[in-house]
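Chemist: Here it is, the structure, as structure tokens.
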Amino acid sequence: MPPPKAAGTRAAKTSARPDGEPVRTLVIDVGASGIKATLLNDLGRPVGERVRRETPPSGMPGEVMDTVVALAKHFEPFDRVAVGFPGVIVDGIVKEAPNLAPEWQDFNIAEVLQARLKKPVRVANDADVQGFGAIAGTGVELVVTLGTGVGTSLFVDGRLVPNLEIGARKLRDKALKKVGKEKWNKRVAKFVRKLDGIFHFTRLYIGGGNSREVDVSLLPANVTIVSNVNGLVGGLALWRDGAQGPVNGRSSAGQEKAEDRTAA
């Protein structure tokens, strides 16, 4: 099955419940430092406020799932759930979560949440979800998320390219705090140049908690800083036609595995 069209590349297809009310999608963005959630209507517009909770320091699956479920209760009623997760996701199962506890290995996050919330759940890498919310849907578009770790996703004419594995250990939050903003920004600029040399991207989007620290004057004109809200709004794309293929299943964006090949 080909990768799905991204959110925003075509008119939204509205949907309704049997009672005629619009479908409400709960979107959850799991991060290594914070877990955010919002409720979207069938046009991808927020219904109410965005809520954030601290990620449990242990990063253990049970504690993180408890926090996610508590957030979900805050937004009831909803009809379905989309989750962005900081790691490699295959068939709803976590294969790698470098910035959380090692116990996430082979944890079926989709199945567990579906059982606990009693609603259908789809899960994708958080950088993929951020990308669905940010991209224009034309040409080669890259998304880089800078936070506790580094995430990446690649889209061609609005379609997600699965299994992209690009990391940059020297751009992680720990590196920023260690070397300072000036040196870190030089690394960001070098990383962007390397990505351009590999992908010749039409546009690159930088999100994540540390995107606010990026010096855009060092970057090409086709690089844009985007809001972290995209990490939530993009979740609706997981429920568009065809999204149950690569996005819920075989799509992944490795965050640290290829750091030796492309490290800034």
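The values are calculated or read from the model by the stated rules, or taken from the named source; none is laboratory data. Source: prediction; values computed, not measured. Reconstructed Cβ throughout: ideal geometry from the backbone, glycine too, with neighbour counts over all protein chains shown. Accessible surface is based on the protein model in full, side chains and every heavy atom, while ligands, DNA and RNA are left aside. Shrake-Rupley method; radii C 1.70, N 1.55, O 1.52, S 1.80 Å.
Chemist: Which of (1) at pLDDT 95 or above; (2) farther than 25 Å from N210 by Cβ; (3) among the β-branched types (V, I, T) does V47 not meet, given it meets every other one?
Modeler: Among (1) at pLDDT 95 or above; (2) farther than 25 Å from N210 by Cβ; (3) among the β-branched types (V, I, T), V47 violates only (1).
Chemist: Which of the residues that make up the range 191-215 are out of contact with any helix residue (DSSP H, G or I) (no Cβ under 9 Å at 6 or more places or on another chain) and closer than 20 Å to T148 by Cα?
Modeler: Of everything in the range 191-215, those that are out of contact with any helix residue (DSSP H, G or I) (no Cβ under 9 Å at 6 or more places or on another chain) and closer than 20 Å to T148 by Cα turn out to be S211, R212.
Chemist: Let me ask something else. When you go through (1) small (G, A, S); (2) open to solvent by 20 Å² or more (accessible area, probe 1.4 Å); (3) closer than 21 Å to G209 by Cα one by one for G84, which number turns out not to apply?
Modeler: Condition (2) is where G84 drops out.
Chemist: Further question: Being modelled with pLDDT of 95 or more and either in a loop (DSSP other than H, G, I, E, B) or out of contact with any strand residue (DSSP E or B) (no Cβ under 8 Å at 6 or more places or on another chain) (or both) is the filter here, so list the residues in the range 79-91 that pass it.
Modeler: Once the filter is applied, which keeps residues that are modelled with pLDDT of 95 or more and either in a loop (DSSP other than H, G, I, E, B) or out of contact with any strand residue (DSSP E or B) (no Cβ under 8 Å at 6 or more places or on another chain) (or both), the range 79-91 yields only D79.
Chemist: Quick one: count up the residues across the range 92-115 that are among the hydrophobic types (A, V, I, L, M, F, W, C) and either in a strand (DSSP E or B) or open to solvent by less than 20 Å² (accessible area, probe 1.4 Å) (or both). Break it down into steps so the answer makes sense when it comes.
Modeler: Step one: filter the range 92-115 for residues among the hydrophobic types (A, V, I, L, M, F, W, C), giving 93-94, 97, 100-101, 104, 107, 109-110, 112-113, 115.
Next, only the ones that are either in a strand (DSSP E or B) or open to solvent by less than 20 Å² (accessible area, probe 1.4 Å) (or both) stay: 93-94, 97, 101, 104, 109-110, 113.
Of the residues in that region, 8 qualify.
Chemist: Still on this structure, please answer the following. How many residues does the range 32-74 hold that are open to solvent by less than 10 Å² (accessible area, probe 1.4 Å) and closer than 16 Å to K118 by Cβ?
Modeler: Qualifying residue count, the range 32-74: 4.
Chemist: Still on this structure, please answer the following. Going through V179, V123, V150 one at a time, which residue ends up being open to solvent by less than 10 Å² (accessible area, probe 1.4 Å), in contact with a helix residue (DSSP H, G or I) (Cβ under 9 Å, 6 or more places away or on another chain) and under 25 Å from D196 (Cα atoms)?
Modeler: Values: V179 fails: open to solvent by less than 10 Å² (accessible area, probe 1.4 Å); V123 fails: under 25 Å from D196 (Cα atoms).
On inspection, the qualifying residue turns out to be V150.
A quick yes/no check of all residues on (1) basic (K, R); (2) without any contact (Cβ under 8 Å) to a residue 24 or more places away in the chain:
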| position | (1), (2) |
| --- | --- |
| V121 | no, no |
| D126 | no, no |
| V129 | no, no |
| A134 | no, no |
| T152 | no, no |
| A168 | no, no |
| V179 | no, yes |
| N185 | no, no |
| R193 | yes, yes |
